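First the structure, in the form of structure tokens, and then the observations on it.
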Amino acid sequence: MNSFYTNTGPRQGVASWMLSTDHKKIGVMYLAALLSFFSIGTLIGVLMRLNLISPGTFMGAETYNRLFTMHGIIQIFLFIIPGIPVSFGNFFLPLLIGARDVAFPRINRLSWWLYLAGAGLMLSSLFFGGGALDTGWTFYAPYSIKTRTNVSMAVFAVFILGFSSILTGINFVTTIHRLRAPGMKWHRMPLFVWTLYATGWVQILATPVIAISLLLIILERFFGLGFFDPSKGGDPVLFEHMFWIYSHPAVYIMLLPAMGVISEVIPVFARKTIFGYKAVVYSALAIASVGYLVWGHHMFTSGMSDTSRVVFSFITFIVAVPSGIKVLNWVATLYKGSIKLDTPMLFALTFIFLFSIGGLTGLVIGALATNLHLHGTYFIVGHFHYVMFGGMGMSFLAALHYWFPKMFGRMYSERQAKIGWLVLFIGFNLLYFSMFVLGFNGMPRRYFDYPPQYFTGHLVSTIGSWVLATGLAIIFSNLIVALFRGPKAPDNPWGGKTLEWQVPSPPPHENFGDIPVITQGPYSFE
Amino acid sequence: MKLLLLMLIAACFSMPVFLLPEAQGHEALPSGSSGASGDPGVNERVGQNIPLEAVFYDEQGHTTTLRQLFKRPVVLSLVYYSCDRECPLLLSAVAEAAGELKLKPGKDYSLITISFDPDDTPKTAREAKENYIKLAGGAFPADAWRFLTGTNENINRVLEAVGFTVKRDEIHGFSHPVALVVLSTEGKIIRYVYETEDNFFSSRKRVALQPFDLTLSIQDAAKGKTGFSIKRALAYCFPHEPKGREAFFNIMKISGAIIFFLIVSFFVYLLLSGRKTRNRQE
């Protein structure tokens, strides 16, 4: 079979990959890079948890501060934010809409290079200048202006990653507008495509803001301009505003494509069309637009007027509504479906469960009175790990198991994947649920040490981190073995109805012999 | 494509800048020089000792060395007694937090407040003491919180040792950082504790300290174990006059409007141009 892997073009070896403009090759390279950074980030997380069962035994406080910062930066900027769009989006967007490639293949390659440059710069910031930074992933001023660690380089790396993100956004949005196959009307597009579309706009609109704020930090560090330094008449709260105006929409950059994946997986494994297609589509657009207006809820205790606080809290509750609609639609799709609990479905159901816990605890801290009690505690850490890892992470694993046969043309061991899932699920809840309890009892986040009454909670959480790491090891060893020794995958192992399942596994160069003509919706199960 | 390549090359050339140790930027930043020079701020000196032989006046006007007052871990606050802004808020927060602690004042720790205004007298110190002891609650032993005044020379020795920079200003006496220093019995700096500000649902500004932070610091001080300050959002007491901020916000407005306009035109272009037909016939 003449798959895209065998089509090397005029170049050989590494160059045939790095210089390729094939969206599928770029997607596979992104996937490899993302998973490498994810494993580094996870390893750092496990080390942090190790410190917290016996503070000071394994590392000093300074090291701990650098570790939690690097954990956050690597997981967020190198894994979760680019995450699903650059890997599965790149690989499957053209396949799903019946196109041969994205609209700007060379810009696509440029965003991949920019991503690599940003990641390389980020990793070198660990070793040059003042070394790994210790500001936390939020770079809050004025500390980020004063610390001797290498903030400028890391921040510049995030700046470059931002450009990569904007270019990907422009590319995807244009592709969806211009390259749909004949008959692929807006309301016949698969839901994953819709979420990539909404995400694309968020990337284009929000990312310039963080680019500007990070440039201001660099200017302030090199030239001493006082934008955010109070001793020079600047305002640190201004930085917090600018940071969250980007970083809250960024939460939806992470989550919308994750929701898209779930909307693909659930109909296939319930053998039923999605319940309320249009409701799912418009709730994605609603999340993308209302998500811009809630950034202030990160700063309820930073000093802002009561009126702003009430308004931000209210909008925060509003933005929960479309997410609720989606959850209800997924559950309603399962109703009277012919459910098959294969690994992708297990991860998708886990997403619904964990994301619901993450979302509802988000409302707990979005309410003003409880926020005062819980702000800056482990409750927050528990909440966003349920949303980021329980949401985006589980969806990423669902996508990986769902599309693995198509991307690599191999099948993995279903049994080992399920064992891995079970271990991961147990570890996840041990690790992060205990954080809710710790935080509710007053354990502040980012602390290196704590009074003895918090020991039990930290112990349970650290044991959870070992179980979770074991689960991930089982899952990924399964996939790596399958990559080399797995049995050949059929073209359509799950019985999916979308276009990517109608081409061979792995897909040929340029995807389609003849561009298909679309006559019906994406989930037409009888 | 050429343009993109040029951009990429330009970015590569600008990278070596970031490999430099950022000496230029840092030297210009406020560092902990003592006395009236430099910008107000804290340059943390965790692990170093403060001069316990420095001499101060107590509330009765008797001279005393710090050593005579350091019998147990000490929570030190540096303010001036005629301050009408942050200092009273900080001291009330100390009084309230001390009331909430399970640790016993006078047994597990002492509170010491030193004025960095050489014009303060034992009389003003006595008045301050009466106020705050009352606020801390009836059971608070008066001996466990000392209010000291001193000469310029001794004040500067202590400020220097804890890394505080304060600055006289015309509008309200002094601009100065607002933080507590927790010290061991030997005068070793264990940790800096910063206030958290919560003016939730209240127009009156209120400052609070986390009893958690204080307990942890005092327990560490008893063991002589130095720690790492977490709440680095340092509060300052200074008159704020937002000069020239308008220009900044105007730049933001204009650049924001331009970016938004570009994005909207992009969207309109996509809508009008419709689907690409050429690609399908290949």
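Note on A:230-242: average number of Cβ atoms from other chains within 10 Å of each residue's Cβ is 4. In summary, the stretch B:68-187 shows an alpha-carbon radius of gyration equal to 1.02 times the 2.2 N^0.38 Å reference for compact globular proteins.
Here the alpha carbons of the stretch B:123-197 define both size measures, Rg and Dmax, at 14.5, 40 Å. Charge tally around B:L270: other residues with Cβ under 13 Å, Lys/Arg +1 each, Asp/Glu -1 each, net +4. Orientation-averaged projection of the stretch A:57-186 equals 9.5 nm² [convex hull of Cα atoms, one quarter of hull surface area].
Cβ-to-Cβ counts within 10 Å put B:Y194, A:Y282, A:Y378 in ascending order as A:Y282, B:Y194, A:Y378, the fewest first.
Ordered from longest to shortest, the equivalent ellipsoid semi-axes for the stretch A:265-423 are 34, 19, 12 Å, each the square root of 5 times a Cα gyration tensor eigenvalue. Using a cutoff of 8 angstrom between alpha carbon atoms and counting only pairs six or more residues apart, the relative contact order for chain A works out to 18 percent.
All C-alpha pair distances within the stretch A:309-359, sorted into 10 Å bins from zero, spread as 21, 43, 23, 10, 3 percent across the bins.
The charge dipole of chain A, taken about its Cα centre with unit charges on the Cβ of Lys, Arg, Asp and Glu (plus for the first two, minus for the last two), comes to roughly 900 debye.
With contacts taken as Cα pairs under 8 Å at a separation of at least 6 residues, the stretch A:404-526 carries a relative contact order of 40 percent. Here, the stretch A:23-129 has an Rg and a Dmax of 17.2, 57 Å when only alpha carbons are counted. Rounded to the nearest whole angstrom, the semi-axes of the ellipsoid equivalent to the stretch A:362-440, taken from the Cα gyration tensor as √(5λ), stand at 34, 14, 6, largest first. Computed from the C-beta positions of B:F267 and A:L225, the FRET efficiency with R₀ = 35 Å rounds to 0.55. Among beta bridges from DSSP that stay inside the protein assembly as shown, the antiparallel ones total about 70%. Once Rh for chain A is found with the Kirkwood sum over Cα pairs, what is the Stokes-Einstein diffusion coefficient at 25 °C and 0.890 mPa s, in µm²/s? My calculation gives 104 µm²/s for D. Please report the net charge: other residues with Cβ closer than 12 Å to the Cβ of B:T151, K and R +1, D and E -1. My count for the surroundings of B:T151 gives -3.
Axis of helix A:61-73 versus longest Cα principal axis of chain A: the two differ by about 30°, to the nearest ten degrees. Between the helical axis of A:394-408 and the longest alpha-carbon principal axis of chain A there is an angle of about 30 degrees. Each of A:H187, A:H71 was scored by other Cβ atoms within 10 Å of its Cβ. Listed from fewest to most, they are A:H187, A:H71. Once the Kirkwood radius over Cα pairs is known for the stretch A:127-227, the Stokes-Einstein relation at 4 °C and 1.567 mPa s delivers a diffusion coefficient of 82 µm²/s. Cross-linked pairs A:K24/A:K488; A:K232/B:K253; A:K272/A:K488; A:K25/A:K278; A:K185/A:K326: Cα-Cα separations exceed 24 Å for A:K272/A:K488; A:K25/A:K278. At R0 = 41 Å, how high is the FRET efficiency between A:L215 and A:R11 if r is their beta carbon distance? Nearest 0.05 is fine. The formula returns an efficiency of 0.65 here. Spin-label pair B:K71-A:K278: with each label point 7 Å from Cα along the Cα-Cβ axis, the two points sit 8.1 nm from one another. Applying Stokes-Einstein at 10 °C and 1.306 mPa s to the Kirkwood radius of the stretch A:235-281, computed over alpha-carbon pairs, gives a translational diffusion coefficient of 122 µm² s⁻¹. Straight-line cross-link partners of B:K188 among the lysines, defined as a Cα under 30 Å from its Cα and at least 8 positions apart when in the same chain: A:K146, B:K71, B:K102, B:K104, B:K107, B:K123, B:K129, B:K134, B:K167, B:K223, B:K225, B:K231. For the stretch A:96-197, the set of trypsin sites (Lys or Arg not before Pro) satisfying both a DSSP loop assignment and a count of at most 11 other C-beta atoms within 10 Å is given as A:K185. The modelled label-to-label distance for the pair A:R415/A:L126, using points 7 Å beyond Cα in the direction of Cβ, is 3.8 nm. Between 0 and 90 degrees, the angle of helix A:378-387 with respect to the longest Cα principal axis of chain A falls at about 10 degrees. One quarter of the surface of the convex hull around the alpha-carbon atoms of the stretch A:441-526 equals 11.8 nm², the direction-averaged projected area.
When the helices of the protein assembly as shown are scored as -39500 (n - 2.57) per DSSP H run of n ≥ 4 and the total is divided over every residue, the value at 222 nm lands at -18500 deg cm²/dmol.
Quick note: the coordinates plus some simple rules give every number you see, no bench work behind them. Keep in mind the model is a prediction, meaning the values are calculated, not measured. All Cβ positions, even for glycine, are placed from backbone atoms using ideal geometry, and neighbour counts span all protein chains on display.
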